[in-house]
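Student: Attaching a single structure in structure tokens format; questions to follow.
Read the figures in this text as sums done on the coordinates, not as results from a lab. Since this is a predicted model, take the numbers as computed values, not measurements. Every residue, glycine as well, gets a Cβ built from its backbone with ideal geometry; the counts of neighbours run over all protein chains shown.
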Amino acid sequence: MFDRSKCDLCGDCLVECHYVDYSREKAIREITALIEGRSADILKDCVTCLGCVEYCEKGADPFDLINSLQEKQGSVKVTDASRALFDHFINQPVGVERKDPSKPVLSLCIMKDLVPPEIVGHKMFEGMSVVWGGEYFCYMGMVHSFKGSLAEKNARAFIDGLAGLDAPEIVFLHDECYSMVTRKVRDFGIEVPFKATHIVDYMIGYLQARQASVNKLNRRIAYQRPCSARLTPELEDSLDEFFSLVGVERVDRVYDRKKALCCGGAIRGFEGQDERGREWQRKNVSDALDHGAEAMVFLCQMCGVSLRGVCGKLGTGLVSVIDLARMSLGEIPFPN
């Protein structure tokens, strides 16, 4: 949540934003207007990437202020297709596959249709119960459809549903769910009665226990950070450890880490902004290629869907972090 006591009106949050070209004076005027509940240009210019959460070193969370006013003022409209997609997420049927109760539960959130069966059925997750569907949806992604208030409204039900699985540990395949459980629910005063483990941390443990079977890939990749990673920047260390384990070099490029771009999918879902989103996608993937990356690696399944077209057109591979683990185990080849 936005914390006015931590905002000193420095303007960093908007000065550092890739998607606008504001002077510091303009940025300060914009934030001042937002704090006063007035309209501001950033409400229409913001692409909901959450970057300003990380740009604000005081921890004020300016994105929450921006997004809540976007919702209240109806600043940006989403396309019918985007609206239908989010409705589909909310209403997705629930599934629970009960297996070994002594093992962690794997949560797919609403990504089951985007995760190949061979991944869920992989020996990495052998014996683990698996859950998915609308009841296990964290609602974090609703910020991209300007309905971010739904995350807070549904937070208690989300945590209670997971707690009802009676699992001491839950592994989250979806980065947004992990960010919700470890960061956002604290804002809502909700306690989490189970251990939350990120999919990357889980895979690190799995591969470390089988190092004799891990083959270094010796490849260069560019990483696509999901928007929700802005809430958990400490996971960058885990990602670097994972990439080292599987033997890939995360290229040093313009649009990575704190300066990362979003995948562009959300922008293309805003009315009249499809070409704007495509332009940023081209900049993102071109930057990866210019710095020697052989593939784009994604964590969020929606990022993978969003980047599929531009990666194909520009001639670079597109790989999920889970498939990187499978490649290091010799199960599937690295893309040409």
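Student: Quick one: Cα convex hull volume of the stretch 152-257, Å³ per residue?
Tutor: Given the Cα convex hull of the stretch 152-257, per-residue volume reads 103 Å³.
Student: Note the angle between two axes, namely the Cα long axis of helix 235-246 and the longest principal axis of the Cα atoms of the chain, as a number of degrees from 0 to 90, rounded to the nearest 10.
Tutor: Relative to the chain, helix 235-246 is tipped by roughly 30 degrees.
Student: How big is the Cα convex hull of the stretch 213-328 in projection, averaged over all directions, in nm²?
Tutor: Spelled out: convex hull of the Cα atoms, projected over all directions, averaged, 6.9 nm².
Student: Shifting gears a bit: What whole number of Å gives the distance from the Cα centroid of the stretch 164-184 to the Cα centroid of the stretch 267-336?
Tutor: Result: 25 Å between the Cα centres.
Student: Within the set of other residues whose C-beta is less than 13 Å from the C-beta of V246, count the net charge using Lys and Arg as +1 and Asp and Glu as -1.
Tutor: After counting each charged neighbour, the total is +1.
Student: Taking H as built 1.01 Å from N, whose amide H comes closer than 5 Å to the amide H of Y139, not counting residues under 5 places away?
Tutor: none
Student: Over the chain, what is the percentage of antiparallel beta bridges among all DSSP beta bridges, to the nearest 5? Before the final figure, lay out the partial values.
Tutor: On the way: 4 of 24 bridges.
Close to 15 percent.
Student: Sticking with this structure for a sec: Shape call for the stretch 195-258 from the C-alpha gyration tensor, a ≥ b ≥ c root eigenvalues: rounded (a/c under 1.5), prolate (a/b greater than b/c) or oblate?
Tutor: oblate
Student: Which peptide among 122-128, 101-107 comes first, and what is the full order, when sorted by highest mean count of other Cβ atoms within 10 Å?
Tutor: 101-107, 122-128
Student: Calculate how steeply helix 24-35 sits against the longest principal axis of the alpha-carbon atoms of the chain, using the helix alpha-carbon long axis, and give the answer as 0 to 90 degrees to the nearest 10.
Tutor: Approximately 90 degrees, to the nearest ten.
Student: Now, a different point. Per-residue HN-Hα couplings for the stretch 287-296, Karplus 6.51 cos²θ - 1.76 cosθ + 1.60 at θ = phi - 60°, whole Hz, x for Gly and Pro?
Tutor: 4, 4, 5, 4, 9, x, 6, 8, 7, 8
Student: Please give me the summed charge of the neighbours of V130: other residues whose Cβ is under 13 Å from its Cβ, Lys and Arg +1, Asp and Glu -1. Please list the in-between numbers first.
Tutor: Values: positive: R98, K99, K103, K112; negative: E97, D100, E126.
Cβ neighbours under 13 Å give a net charge of +1.
Student: For the chain, modelled as a Gaussian network with Cα springs under 10 Å, which listed residue fluctuates most, E54, E279, E152?
Tutor: In the Gaussian network model the winner is E279.
Student: For the stretch 1-101, just the Cα atoms, rotate onto the principal axes and tell me the three extents in Å, largest first.
Tutor: Cα extents, longest axis first: 55, 37, 24 Å.
Student: Let me ask another. Would you kindly compute the Cα radius of gyration of the chain and its largest Cα-Cα separation (Dmax), both in Å?
Tutor: 19.7, 60
Student: Report the residue, chosen from D256, D45, D64, that carries the largest GNM mean-square fluctuation when the chain is represented by alpha-carbon nodes joined by springs under 10 Å.
Tutor: In this elastic network of the chain, the residue with the biggest mean-square fluctuation among D256, D45, D64 is D45.
Student: Working from Cα positions, state the angle (0 to 90°, nearest 10) between the long axis of helix 301-314 and the longest principal axis of the chain.
Tutor: 90 degrees
Student: Would you mind telling me the antiparallel percentage of the DSSP bridges in the stretch 81-204, rounded to 5?
Tutor: Numbers: 3 of 12 bridges.
Taking every DSSP beta bridge with both residues in the stretch 81-204, the antiparallel ones total about 25 percent.
Student: Something else about it: What length, rounded to one decimal in nm, is gained on full extension from K216 through to D252, with 0.36 nm per residue of separation minus their alpha-carbon distance?
Tutor: Result: 11.0 nm gained on full extension.
Student: Please state, to two decimals, what the Cα-based radius of gyration of the stretch 81-204 comes to when divided by 2.2 N^0.38 Å (N = residues).
Tutor: Cα-based Rg divided by the globular estimate yields 1.01.
Student: Short version: ³J(HN,Hα) in whole Hz for each residue of the stretch 186-200, in order, from phi by Karplus 6.51 cos²θ - 1.76 cosθ + 1.60 (θ = phi - 60°), x for Gly and Pro, what are they?
Tutor: 4, 4, 8, x, 9, 8, 10, x, 8, 7, 9, 10, 6, 4, 5
Student: Going 7 Å from the Cα of R186 toward and past its Cβ, which residues in the stretch 55-84 have a backbone nitrogen under 18 Å from where you end up?
Tutor: 55-65, by backbone N distance to the label point.
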